[in-house]
Amino acid sequence: MPHHRRPAAGVPLVSRRAADYDAIVIGSGITGGWAAKELTEHGLRTLVLEAGGPIDPAKDFVEHVQPWQLHFRGKGDRRTMEKEQFIQKNCYACDEWSGKFFVNDNDNPYTFDADKPFHWIRGRQVGGRSIMWGRQVYRWSDLDFEANAKDGHGVDWPIRYADIAPWYSYVERFIGVSGERLGLPQLPDGEFLKPMDLNCAERMVRDGVTRRFGGERVVTIGRCAILTENHGGRAACHYCGTCERGCITRSYFNSIGVTLPAAQATGRLTLRPFSVVHSLSFDPATRRVSGVNVIDARTRQTMEFKARVIFLCASALESTRILLNSRSAEFPDGLANSSGEVGRNLMDHVMGAGASGTLAGMEDHESYGNRPNGTYTPRFRNVTTRHPDFLRGYAFQGGGWRGGFGADSPGFGREFKKRLREHGPWGFQFYGFGECLPRPTNYVALDPVKVDAWGIPALHINCAWSDNEQKLLQDMSVTAAEMLEAAGATGIRPFVDHNPPGLTIHEMGTARMGRDAKTSVLNAHNQAWDAANLFCTDGACMASSANQNPSITYMALTARAVDYAVDQMKRNAL
Ligand SMILES: Cc1cc2nc3c(=O)[nH]c(=O)nc-3n(C[C@H](O)[C@H](O)[C@H](O)COP(=O)(O)OP(=O)(O)OC[C@H]3O[C@@H](n4cnc5c(N)ncnc54)[C@H](O)[C@@H]3O)c2cc1C
Ligand code: SF4
């Protein structure tokens with residue numbers, strides 16, 4: 001059943017009657033928050049329609065709650081999770097603290113064939129997944145934007161790095177990104193706040209990798225949307241370390257603490273929670289979206305809202321579901337689908353191979369605090385030389401840590417208590433994230449039978465890794481072990497975990513941008529070829545996946561698309 005919480009005081013509700021706005025944004029997560037900020041700051045009266053309920057940080061954020069303050073002492077209510085979050089529980093961040101930020105899988109069903117599991121991890125609330133995301137942010141380069149054109153997979157991106165670079169800067173300056181400048185062509189530097197420090201194990205690995213591989217392989221601190229200095233009225237991070245539970249000091253970027261307040265400050269934002277968008281209406285005479293059809297999540301009442309311009313930001317697969325569900329005589333297979341590409345080319349990053357090892361000689365070093373960030377090793381495969389076995393590449397996240405206090409070891413008495421106070425050795429792990437090729441055979445479609453809690457057709461997801469992604473995984477485990485060996489690690493353990501698509505939570509590509517209306521859904525400004533007042537700027541728009549975490553690219557594309565839409569409106573072209 002849908003949530004029945006009441007909206008927080010102060011959230012303006014529109015009347016049941018359809019109201020007119022300059023702009024409507026569907027979704028209030030990472031991209032919806034950016035669209036709302038940009039549209040309102042450009043002077044547009046903007047309605048944000050959000051399917052989920054509001055969040056009250058004072059009550060709902062639990063990053064400082066200790067296990068002993070929780071009913072199940074942090075272990076979670078396994079029986080309820082099994083019943084209600086049987087998909088979401090596969091995500092590392094969905095636990096007794098943060099489980100409330102993830103969807104109920106019964107209310108939000110989808111289907112897949114038994115031999116093609118897909119773990120679709122979602123948040124349905126004001127703020128979307130910006131509440132519990134991992135905050136890793138990396139620019140793309142022309143290596144990524146040119147990849148499709150060069151190796152023939154997917155369609156050519158209609159933009160290059162130069163088109164988006166100023167928008168990366170614009171976004172970084174506003175949200176605050178900490179990181180180290182490296183001068184690497186495949187991972188352009190950004191407008192960084194000071195980087196977080198590497199710990200002693202990470203410095204040892206960095207130095208060993210540099211010695212063995214020169215500048216080809218690099219270990220740096222993660223670039224992340226977490227403040228290392230006070231910034232824009234928000235406080236620097238105090239290293240409590242469990243950001244997926246919220247952040248009362250607004251030290252990491254999420255839309256409820258950063259973009260939505262900026263939109264609210266203009267006086268032109270109306271945020272309507274509990275507004276499940278069912279579909280979009282299309283007027284064949286004007287060739288525009290003429291209305292947004294909404295079901296109130298609590299009352300089940302239906303209503304229609306109208307605006308001059310619509311920004312679809314409900315997340316890649318939810319936006320695609322809305323398009324597929326917007327059927328008309330003109331578009332029997334879904335709105336903006338004259339190319340037949342809506343729903344196709346689903347991608348996620350292939351994740352889960354690498355290596356771990358032990359590092360000796362630093363037994364007198366301890367760590368303090370919980371740095372909410374790890375290391376990053378930018379892509380080094382297929383950058384300057386072509387690999388014989390696979391296309392594209394991967395990057396490693398990871399980090400060094402001091403081993404535990406032996407709490408899991410057996411025993412009793414004085415010796416046991418002593419052991420509990422002893423540190424373990426220092427260790428390090430590389431964990432790879434690889435590029436996924438765009439392929440039409442990875443697709444979503446409306447399930448003919450299944451509907452969600454609001455009666456809206458659910459998705460059937462059909463997605464599997466290809467041989468190329470499997471080869472990337474294998475290579476990750478080899479190169480990670482090589483780098484640990486170069487750092488002098490012992491007990492090196494290469495591994496290859498076979499995670500299903502979806503679990504990396506970077507799903508994208510199902511309404512791609514392109515140069516040609518016949519083979520893509522959106523043009524170079526995220527505008528639907530088939531409906532000029534419709535823009536989609538979430539992950540659905542991606543023509544390829546690169547290997548970098550994608551959300552900062554979605555944010556930059558969103559700000560860029562709003563700039564274009566506003567310009568078109570001023571010229572009366574919209
Ligand atoms: C644990 C975790 C770690 C992650 N780590 C990273 C990371 O380190 N770096 C990175 O780049 N990305 C990361 N991601 C992915 C990142 O969260 C997403 O890429 C990003 O949130 C996508 O933004 P979005 O606006 O498209 O969707 P979301 O942020 O999911 O927001 C979509 C919003 O639309 C609403 N909505 C959906 N359907 C409808 C509808 N029909 N009507 C109205 N509203 C609707 C939803 O309720 C939601 O609020 C992570 C995600 C998770 C969960
Ligand atoms: S670690 Fe920093 S960013 Fe994360 S919740 Fe704590 S203060 Fe906020």
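The values are calculated or read from the model by the stated rules, or taken from the named source; none is laboratory data. Treat the numbers as computed from the prediction; the structure is a model and nothing was measured. Here Cβ is always computed from backbone atoms with ideal geometry, including for glycine, and neighbour counts include all displayed protein chains. Ligands, DNA and RNA are stripped out before the accessible areas are found, and what is left, the full protein with its side chains, is counted by its heavy atoms. Shrake-Rupley method; radii C 1.70, N 1.55, O 1.52, S 1.80 Å.
Take the chain with all the other protein chains still there, run a 1.4 Å probe, and you get 39 Å² of accessible area per residue. Once neighbouring chains are kept in place and the probe is 1.4 Å, which whole percent of the accessible area of region 263-335 is contributed by carbon and sulfur? Ligands and nucleic acids excluded, carbon and sulfur reach 48 percent. Every Cα-Cα pair of the chain was included, and the share exceeding 43 Å stands at 17 percent.
Annotation: the antiparallel percentage among DSSP beta bridges lying fully within the chain is about 70.
Considering only Cα atoms, the convex hull volume of region 465-574 works out to 128 Å³ per residue. Kirkwood radius, region 341-417, all distinct C-alpha pairs, inverse of mean reciprocal distance: 17.7 Å.
Expressed as a whole percent, the accessible area of region 403-447 that falls on carbon and sulfur atoms is 62 (1.4 Å probe). Accessible area of Tyr170 (1.4 Å probe, protein heavy atoms only, ligands and nucleic acids ignored): about 70 Å². For region 373-482, applying the loop criterion from DSSP together with a ceiling of 15 other beta carbons within 10 Å to the trypsin sites (Lys or Arg not before Pro) yields Arg386. Taking label positions 7 Å along the Cα-Cβ direction at both Asp364 and Lys418, the computed distance is 2.2 nm, reported to one decimal.
When shorter helices are ignored and each DSSP H run of at least 4 residues is given -39500 (n - 2.57), the per-residue value for the chain at 222 nm works out to -6500 deg cm²/dmol.
Summing Cβ point charges (Lys, Arg +1; Asp, Glu -1) relative to the Cα centre of the chain gives a dipole of roughly 1140 debye.
Across the chain, C-alpha contacts under 8 Å between residues 6 or more apart give a mean separation that, scaled by the residue count, equals a relative contact order of 22 percent. Given R0 = 56 Å, the distance between the Cβ atoms of Arg571 and Arg300 translates into a calculated FRET efficiency of 0.85. Scanning the chain for DSSP H helices at least 24 Å long along the axis (C-alpha atoms) with a Kyte-Doolittle mean no lower than -1.0 picks out 467-486, 551-570. Pairs from the table (Lys194/Lys471; Lys83/Lys116; Lys37/Lys306; Lys75/Lys100; Lys83/Lys450; Lys75/Lys116) lying more than 25 angstrom apart at Cα are Lys194/Lys471; Lys75/Lys116. The distance linking region 132-147 with region 26-71 is 23 Å (Cα centroid to Cα centroid, whole angstrom).
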